[in-house]
Amino acid sequence: MEEIAKGTIKVEPYSRESLGSNSYDVHLGKVLAVYKDEELDAKKHNQIDYFEIPEEGYVLQPDKFYLGVTLEYTETHAHVPFLEGKSSTGRLGINIHATAGKGDVGFCGNWTLEISVKLPVRIYAGMPIGQLIYFPVEGVVEVSYDNKKNAKYSGQPNMPIESMMWKNKF
């Protein structure tokens with residue numbers, strides 16, 4: 001709460017009820033996406049199809065990979081943010097990130113979620129989906145993510161963003 005007041009952490013919309021003893025709960029936004037192609041290519045710009053989660057919810061399938069987004073827009077200017085699943089979502093067999101659980105100092109945007117499930121499970125827009133944990137940085141950050149020239153995910157909107165691996169040189 002103190003860091004929000006200082007402006008080093010920003011969460012919109014912010015709800016005091018979502019603030020735990022050592023984390024902040026984030027919620028699932030209303031838009032999901034799936035890749036158009038069954039086979040992805042790391043050197044290619046793989047396209048995605050967007051769709052909204054209906055009011056009655058949407059059943060995720062174990063043989064599919066989904067991109068979701070947090071309802072919350074966040075900024076972090078003096079901390080390293082980590083996104084983790086909640087135990088309640090984990091106990092439903094929902095994984096919210098494959099590898100990208102750590103953010104960068106200077107990340108500003110909604111978080112894209114890399115969602116997979118163990119069993120079919122119905123999800124709903126606005127449901128608690130994860131939690132953010134912030135670790136303070138000691139010393140000076142020379143180049144924050146929002147000032148990095150090749151930052152591929154800066155300013156993410158409230159829509160899932162596909163992989164930008166194809167922008168790398170390899």
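FYI, it's all coordinate maths here, none of it is from the lab. For clarity, every value in this text was computed on a predicted model and none was experimentally measured. Note that we place each Cβ from the backbone using ideal geometry, even for glycine, and neighbour counts take in every protein chain shown.
For segment 1-76, GluC sites (Glu not before Pro) meeting the loop criterion (DSSP other than H, G, I, E, B) and having at most 14 other Cβ atoms within 10 Å: Glu38, Glu39, Glu55, Glu56. Recomputing Kirkwood radius over Cα pairs in Å from the coordinates shown identifies the correct label among (i) 19.5; (ii) 19.0; (iii) 16.8 as (iii). Each Lys and Arg Cβ is given +1 and each Asp and Glu Cβ -1; about its Cα centre, segment 2-163 then shows a dipole of about 160 debye.
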